[in-house]
Amino acid sequence: MTDAQLQTEKFSYDNKIVKWFAYATALWGAVGMLVGVVVALQLVFPALNFNLPQTTYGRLRPLHTNAVIFAFVGNGIFMGLYYSLQRLCKARMWSDKLSRIHFWGWQFIIVAAAITLLWGFTTGKEYAELEWPIDIAITLVWVVFGINMFGTIFTRRERHLYVAIWFYIATWVTVAMLHIVNSVELPVSFMKSYSWYAGVQDALVQWWYGHNAVAFFLTTPYLGMMYYFIPKAANRPVYSYRLSIIHFWALIFIYIWAGPHHLLYTSLPDWAQSLGTVFSVMLIAPSWGGMINGLLTLRGAWDRVREDVVLKFMVVAVTAYGMATFEGPMLSLKEVNAISHFTDWTIAHVHVGALGWNGFLTFGVLYWLVPRMWKTRLYSNKLANWHFWVGTVGIVLYAVPMYWAGWRHNEMLTQFTEDGRLQYQFLEMVNGMQFFYAMRALGGTLFLIGALVMVYNLWKTVKGGDFVSDEAAEAAPLARRYAIEGREHWHRWIERKPVQMLIGSLVLVAIGGILELIPTFLIKTNIPTIASVKPYTPLELEGRDIYVREGCYTCHSQMVRPFRAETERYGDYSKAGEFVYDHPFQWGSKRTGPDLAREGVGVNKKGNNWHYNHMAQPTSTSPGSIMPAYPWLLTHKVDTAMTPKKIAAMRTLGVPYEAGFEKRAVAAMRTQADSIVADLLKDKQQLLLGKDGVKHDHEIIALIAYLQRLGADTYVESQKTASK
């Protein structure tokens, strides 16, 4: 035996933690997709809301997004990372105990998220709805994961860090930064908090986080998995080492700047919007560099793709990544964004990435991993191929109708008659989407069926195999294997230095965040104030909290863009100073219902009894409406014991309530509520439900107060200006 052979160390890979994450990936994937199908069907059959608080679209939709992103994809990331990292480092995970804490901690967070979201505990910030105790738990579990990952890297037996590990490091540090900055909030109670930021600032922080949650949770770790599992499945080396270097550093630097493209034509300062657009367009280059590197890794192996179902899933996944990362920059162009934003076009774009890129790559990795860890063959290649084709058809049937619906929605929104009037009412647009929504539900159902077939196939594979919990391996120690170095590529030095890789990644992603966020917070002229804008009354504040709790922001926006069709339909366009007391902002990202920014004024203003009946039975005021009913608001009472604490919290956040106002808040609530109740009871025969029991402390009264306030402050100011 040679000296090198005598010096090898024997150790084992921990497959058990990979198995647990694989099981969780399959389980939560099925759950998240099932909830997605339900919410899709609710837009076609509103009766599926079941008139229960926990089953309305507004509560299920955030559950669906969190389940798919953090439960399905999250567990998929950890499954792929724990398997690949050990083999790339030639070392067992640094701590089995930390691995298990990470697994069970993450599952606890998922269950806690599901329970709290269904019961209406939400911050109202998209992809960051979880309340502050769960945010803290996420931080702690993420730190545990990071310690274990870096401990493994530091004790590795392979000197150079492979490209997949670069992406894992960037993911860990950037997600930590995004989560901490966006989750700064002021607790009011155990499950209630207010965002530290308000209005325009909150919107910028949220979409800096939201866009980069897509970038650094749904993209970079999956690129790391792509760089590991495609070469393994194809038995081919990565196409280009140099291209992978360019792909990595360019991607993580440019991606972080692109968040403002979610806020084009809003009240965000123009300079921030333009910055987001420029960097979004630049993203095409590194994104497609990664796609090309992945696909060309299969050069010489295309004949295998026709036969190998794992490679089929992976090829479609990388292709979907290329499609989504081309479309994203296109949607950031203002001319295109004017058409797509607030419509189903965005839904189609998101799901090409979620179903095609994340879904199919996860399926491919599962099909590759499970037979190897159980030392057997896949139970049925026929079922796996059937899953591939059903899933592919599902993606097409999902995405194409949503693209069509987006174009149709915008066309109807902007159509005028010959005499200059709006051609369509909003409800006509909603009814015109029903066919597309039905097709979307069919596509999602097919995708879910394919996933369930995969679960059965993998279960049968596991039953027929023999799991290897601790997989034996051996390798020479790091120092002995690399005692002598020759001439090497300059990037090799960075690859030997995980701390430098971590710091370099943090610096690059922090630059974009600092240069975007700091000016918006420090330069007062970026957010000009409006003298007529006043804080919400205690009753309106409680109504706003109910609005957020019920997830109304998932269907309604509060942002009138400066387009003729929107100002004709809703009223004057929105200004930055309108939102200075909004913790959190409520600009929305999808209009399944009309915009509410001017709901309390002008042509949009409706009577108190209209709002009462609309919440009790939406079709009574809007025939053909697909909005769920909220009958519990007519009987549930506002917890007035919390109101003084909320007022005090708002003052801490800078809302100018006078000192001691919290002591008079409940009395002020009663006075305003009594006036609304008196108005409702003027002709109580018009009320549909509970007309004999309308009380000042019912939640419906607070919600009506909030809706009637929307737009009122700036409307008064605009009327004064018009009279002059």
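We did not get these values from a lab; they are worked out from the coordinates using the rules stated. From a predicted model like this one, the values you see are computed outputs, not experimental measurements. Cβ: placed from backbone, ideal geometry, glycine included. Neighbour counts: every protein chain shown.
Structural remarks
- Positive-end ranking of G513, Y239, M559 along the dipole of the chain, with charges on Cβ about the Cα centre, is headed by Y239.
- Proximal aspartates and glutamates relative to K375, as straight alpha-carbon distance under 14 Å, when same-chain residues fewer than 8 apart are discounted: D466, D470, E471
- Partners of K125 within straight-line reach, counting lysines whose Cα lies under 20 Å from its Cα and excluding those fewer than 8 residues away in the same chain: K192, K590, K646.
- Both numbers refer to the Cα atoms of the stretch 538-723; Rg and Dmax are 16.6, 48 Å.
- Values (i) 238; (ii) 211; (iii) 166 are given for comparison; volume of the Cα convex hull per residue in Å³, derived from the coordinates here, is the one labelled (iii).
- Contact order normalised by residue count of the chain, Cα under 8 Å, 6+ apart, percent: 17
- Net dipole in debye of the stretch 642-712 [+1 Lys, Arg Cβ; -1 Asp, Glu Cβ; about Cα centre; nearest 20]: 180
- Separation between Cα centres of the stretch 277-330 and the stretch 414-471, rounded to whole Å: 22
- When only the Cβ of Lys, Arg, Asp and Glu is charged (+1, +1, -1, -1), the dipole of the chain relative to its Cα centre reaches about 1620 debye.
- The alpha-carbon positions of the stretch 93-233 define a convex hull whose volume is 122 Å³ per residue.
- Selection from V44, T714, P631, by position along the positive dipole direction of the chain (Cβ): V44
- Between 0 and 90 degrees, the angle of helix 699-709 with respect to the longest Cα principal axis of the chain falls at about 80 degrees.
- Alpha-carbon centroids, the stretch 103-171 and the stretch 579-617: separation in whole Å: 35
- Charges were assigned to the Cβ only: +1 to each Lys and Arg, -1 to each Asp and Glu. The resulting dipole of the stretch 9-158 about its Cα centre is roughly 560 debye.
- Short-range pairs are left out: with C-alpha atoms under 8 Å and at least six residues apart, the relative contact order of the stretch 1-118 is 39 percent.
- Qualifying trypsin sites (Lys or Arg not before Pro) in the stretch 221-302, where qualification requires a DSSP coil assignment and no more than 12 other C-beta atoms within 10 Å, comprise R299.
- Semi-axis lengths (Å, descending) of the ellipsoid that matches the C-alpha gyration tensor of the stretch 9-158: 35, 16, 10
- What the Cβ-Cβ distance of R306 and Q686 gives, at R0 = 56 Å and to the nearest 0.05, is a FRET efficiency of 0.25.
- Residues F45 and V507, FRET efficiency given R0 of 60 Å [Cβ-Cβ distance, rounded to 0.05]: 0.70
- Nearest 10 degrees, 0 to 90: helix 284-296 Cα axis against the chain principal axis: 40
- For F416, residues with placed amide H under 5 Å, excluding near neighbours: Q423
- Listed residue (H262, A320, G300) projecting farthest to the positive dipole end of the stretch 247-324, Cβ model: G300
- Distance from the Cα centroid of the stretch 5-48 to that of the stretch 342-413 is 15 Å (rounded to whole angstrom).
- Between the helical axis of 498-522 and the longest alpha-carbon principal axis of the chain there is an angle of about 20 degrees.
- Helix-only mean residue ellipticity at 222 nm for the chain, each DSSP H run of n ≥ 4 adding -39500 (n - 2.57), per residue, nearest 500: -20000 deg cm²/dmol
- Full-stretch length increase - W104, V336 - with 0.36 nm per residue and alpha-carbon distance subtracted: 79.2 nm
- Around M314: net Lys/Arg minus Asp/Glu count, Cβ-Cβ under 15 Å: +4
- Look at T525, T116 and count the other Cβ atoms within 10 Å of each Cβ; fewest to most, that gives T525, T116.
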